[in-house]
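Here is the structure we will look at, set down as structure tokens.
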Amino acid sequence: MRGTLFVMCGLVVGSSVFAACSSDDTVGPVGGGDASVRDSSVASDAGAEADAPALDAGCTYDEKSDGTARVLGIYALPATSLKALNPYLTQHDLTKALDNGAGTVDNPAPGSGLDYVGGCPGSFWMITDRGPNADGPSGSKIFPLPPFTPAAVRVHLVEGAGTIAIDKVLPIVNDTNAPVTGLPNRSADDVGYERADASAPLPYRQGGLDTEDIKRLPNGDLAFVDEYSPSAGILDGTTGKVKVRYVPAGVSLPDAGYRIASILPGVLTNRRVNKGLEGLAVSPDGHTAFLIMQTPMGPEGTYGSSLVNRVIRIDHFDDPATATVGGHFIVLHQPLASFPGTSKQPNVFFNAGAWISATKLLLLERGTGLLKLVVADFSAATNLVGNPSKGENDLTPEKDGVAALGIAAAATIEVFTSADVPSFITAPPAGAPAPDKLEGLAILNRTTVAIANDNDFGIVNANDRSRIWILRLKAPLPM
């Protein structure tokens, strides 16, 4: 399917975005800035797919920066039935979900991950998490639509309309083409119920996935991370089948229905519930992947003040036969004082990652009402692989801190804060809901990034649509 991009001139109005046009009718940044032909290296790096929307001749993302961060555009996914993401769902399934408390079944949430395909305003891969869910009694989770399976979704942005258009959907399935669902795998995960007053929990599904980020591989397959085990894996880019899922040592999922490889450090099983692997950065050749934990590990009662966050590097990521963990690093969260609206340190999250170079990642770090982008440099960071005395296999770093163990954490530098752009989070235009769970990150070029929100399928706020923001940074990234 090939989409058509319509370009109009104007300003951001409500959920619609009309990019400001220069005198020669080329589209430039909303709020000012110069328009020029996109750098050719960016277009080639994007690896645009054959049936992706073409680059619109009137739309460009230049790499100029005047030292001011700004929102270039906002795009929203219109009301869309969840059947568009899971075609096998029946009307009975959707009606029952509403009866179970879903609130809405026409507000998909593919913003748990983001990867730039190419073009302008842009074509992207996105991914949902485990599906509609809400907190239940005694720490349980309510899954009002148990048949839902996570889905990878390719979209393009429609200039003028300010909308997100769906081009392709890949519901995630197992070896027999059965949906994997988003249900918990085992007792170490959430206890799920179909509704708040259910007397019996939902059965565990060893193949269930809570997917949280997505990146394309050169052969068209799709890489993902997952919170449950926690794990990472590869989807067939044509069928949506799980080709492999990398889980921590000691995790056994014999009934997953697809290939399991227990290569990740066993210490990752100490992740907090619903706080597993959240970010993913993959090299352009697909051979190397960095997996980013969302928060420090260990119970909050003991480790709640810890700033220690683990990052795992898988070498030969795209070859399950030879994939191995070649790097195990620590990056420190910013302290709670850096996120004044956040109530406690465990609520400061790393929610996404993007590849800059073999030793540098762009990380999305957020708290309540505030998002920051941080470049993390691992070139001088201590590699914990083969270093059990430095916490390779236990939570000593989380307990004692890195200095006491002689560990060098990744060097970090902040390159963006939403505090500089009120129209992004604190004062969105035309009364739009302030985004909360900003979880998707993609680099378009050295000065332009895209951010996506996880709107939780509208279960918290039925008016909160899945959105993509195009942002201009104050200065170029070190690429």
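Readers should treat all values here as calculations from the given coordinates under stated rules, not as data from a laboratory. From a predicted model like this one, the values you see are computed outputs, not experimental measurements. Cβ placement follows ideal geometry from the backbone for every residue including glycine, while neighbour counts extend to all protein chains displayed.
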Counting alpha carbon pairs within less than 8 Å and at least 6 residues apart, what relative contact order, in whole percent, applies to segment 76-193?
-> 24 percent
Do any trypsin sites (Lys or Arg not before Pro) in segment 305-362 lie in a DSSP loop with no more than 13 other beta carbon atoms within 10 Å, and if so, which?
-> Lys344
Cβ density ranking, 10 Å radius, fewest first, applied to Ile292, Ile443 yields Ile443, Ile292
Under the Karplus curve 6.51 cos²θ - 1.76 cosθ + 1.60, θ = phi - 60°, whole-Hz ³J(HN,Hα) for segment 377-388, x wherever Gly or Pro sits = 10, 9, 4, 10, 6, 5, 8, 7, 4, x, 10, x
Computed over segment 312-396: relative contact order in percent, which uses C-alpha pairs under 8 Å that are six or more apart = 22 percent
Straight-line reach check, Lys64, cutoff 17 Å on alpha carbons, 8 or more apart in-chain or any other chain, hits among aspartates and glutamates -> Asp34, Asp39
If you count, for each residue, the other Cβ atoms within 10 Å and average over each peptide, how do 449-460, 95-106 line up from highest to lowest?
-> 449-460, 95-106
Just report the Cα centroid separation between segment 233-269 and segment 281-331, whole Å.
-> 15 Å
Amide H partners (placed H, <5 Å) of Ile214, local residues excluded = Leu114
Under Karplus coefficients 6.51, -1.76 and 1.60, residue-wise ³J(HN,Hα) of segment 293-303 in Hz, glycine/proline x | 5, 6, 9, x, 9, x, x, 4, x, 9, 10
Show the residues, 5+ positions off or on another chain, whose built amide H is closer than 5 Å to the amide H of Ala410.
-> Ile330, Val331, Leu332
For segment 148-164, 3J(HN,Hα) per residue [Karplus equation, 6.51 cos²θ - 1.76 cosθ + 1.60, θ = phi - 60°, Hz, x = Gly/Pro] | 4, 10, x, 9, 8, 9, 9, 9, 9, 8, 9, 5, x, 6, x, 10, 9
Quote the relative contact order of the chain in percent (integer), defining contacts as alpha-carbon pairs under 8 Å separated by 6+ residues.
-> 16 percent
Computed for segment 40-472: size of charge dipole around the Cα centre, +1 on C-beta of each Lys and Arg, -1 on C-beta of each Asp and Glu, debye to nearest 20, value 340 debye
Name the residues whose placed amide hydrogens come within less than 5 Å of the amide hydrogen of Leu264, ignoring near sequence neighbours (fewer than 5 apart) on the same chain.
-> Val247, Ala249
Per-residue [θ]222 nm for the chain (sum of -39500 (n - 2.57) over DSSP H runs n ≥ 4, rounded to 500) | -1000 deg cm²/dmol
How big is the gap, in Å, between the Cα center of segment 206-228 and the Cα center of segment 403-479?
-> 21 Å
